[in-house]
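Structure record follows, encoded as structure tokens.
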Amino acid sequence: MKYNRKYIGCNRIGNWVYGGIVSSFNGVFTNEEVLIGTGFDYIPCMIGDISDAYNLLDEKIKNQNIEDIELLMEIVFEVVNEYFGGIDNLNNRMSNYVDLDFITCEDDIGKVSSLKGKGEAACTERAMVTQNLLKKLGIDSYYKCSTIIVNGKNDIHSYNIATINDKHYIVDSSLASVHNEKATSLICEIPDYVYNSLIRGEAGVEDIETYSVLVSHYNPLRDKDIVVEYDKDRTNKYEVQSSRVLWW
């Protein structure tokens with residue numbers, strides 16, 4: 001089932017705009033079809049049954065102070081990692097999906113839940129599960145898919161945008177950071193006007209100021225410093241200062 005009769009995925013790549021696609025989703029994933037890939041190589045997936053991830057979250061959140069943002073996001077990252085069995089193995093991951101051109105029924109569409117414990121999930125699946133976990137915790141959040149630049153290289157990436165205690169954050173469970181000497185989600189605060197730009201889910205409308213977000217941080221999963229520009233090719237650029245990135 002499409003969302004508002006549209007797929008969810010990256011709707012803008014450089015100067016190219018793809019119709020029928022929204023880049024942000026504010027709900028809880030159930031039967032929505034989310035696109036993996038770019039251009040004409042789209043492959044759809046659905047969330048499937050991730051009740052085990054919810055159970056993991058319930059176990060870890062017991063007797064914890066969920067008002068502590070750092071602790072909360074550390075727990076969410078742990079749940080995502082444990083559910084999927086570690087970080088992605090892209091050589092195997094795509095074998096779980098069927099190309100859009102060859103789908104004949106709903107059963108052909110890949111399920112995020114099919115990657116449980118395989119160590120094969122990439123940013124799309126990780127951000128989808130993160131979205132549902134944040135919603136389960138009562139946090140207003142968006143799943144977002146857009147073009148990014150990582151250390152000078154263009155890529156398509158999925159991440160989340162959350163509002164916690166009236167403050168807005170980019171939450172990335174794939175391009176991790178460090179907290180308490182452990183890998184955990186990157187989370188960086190953004191102001192209202194940048195938040196409003198990022199959550200826009202339609203492409204090709206440039207009648208208001210739009211912003212990409214530039215973040216520099218150490219990624220323990222890659223053991224190197226990373227410079228990421230989220231939602232690239234917008235009209236303005238907002239650079240996150242180190243003091244505004246949690247777990248720097």
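Annotations for the structure displayed:
- Some residue of the stretch 62-70 being closer than 23 Å to T30 by Cβ and either surrounded by 15 or more Cβ atoms within 10 Å (Cβ to Cβ) or in contact with a Pro (Cβ under 9 Å, 6 or more places away or on another chain) (or both): no
- Beta carbons closer than 8 Å, at least 6 apart along the sequence or on distinct chains, pair a first residue in the stretch 33-50 that is over 15 Å from D108 (Cβ atoms) and of a type in the set (S, T, Y) with a second that is modelled with pLDDT under 95 and buried (at least 19 other Cβ atoms within 10 Å of the Cβ) for T38/C10.
- Selection from the stretch 40-71 of residues that are within 16 Å of T124 (Cα to Cα) and either more than 19 Å from the chain's Cα centre (by Cα) or of a type in the set (S, T, Y) (or both): D41, Y42
- Within the stretch 12-24, considering residues that are assigned to a loop (DSSP other than H, G, I, E, B) and in contact with a Cys (Cβ under 8 Å, 6 or more places away or on another chain), the one modelled with the lowest pLDDT: Y18
- Residue that is out of contact with any His (no Cβ under 8 Å at 6 or more places or on another chain), basic (K, R) and without any contact (Cβ under 8 Å) to a residue 40 or more places away in the chain, where the choices are R5, R12: R5
- Qualifying residue in the stretch 76-86 (condition: assigned to a loop (DSSP other than H, G, I, E, B), buried (at least 16 other Cβ atoms within 10 Å of the Cβ) and at pLDDT 85 or above): no
The values are calculated or read from the model by the stated rules, or taken from the named source; none is laboratory data. Model, not experiment: these values are computed from the prediction. Cβ: placed from backbone, ideal geometry, glycine included. Neighbour counts: every protein chain shown.
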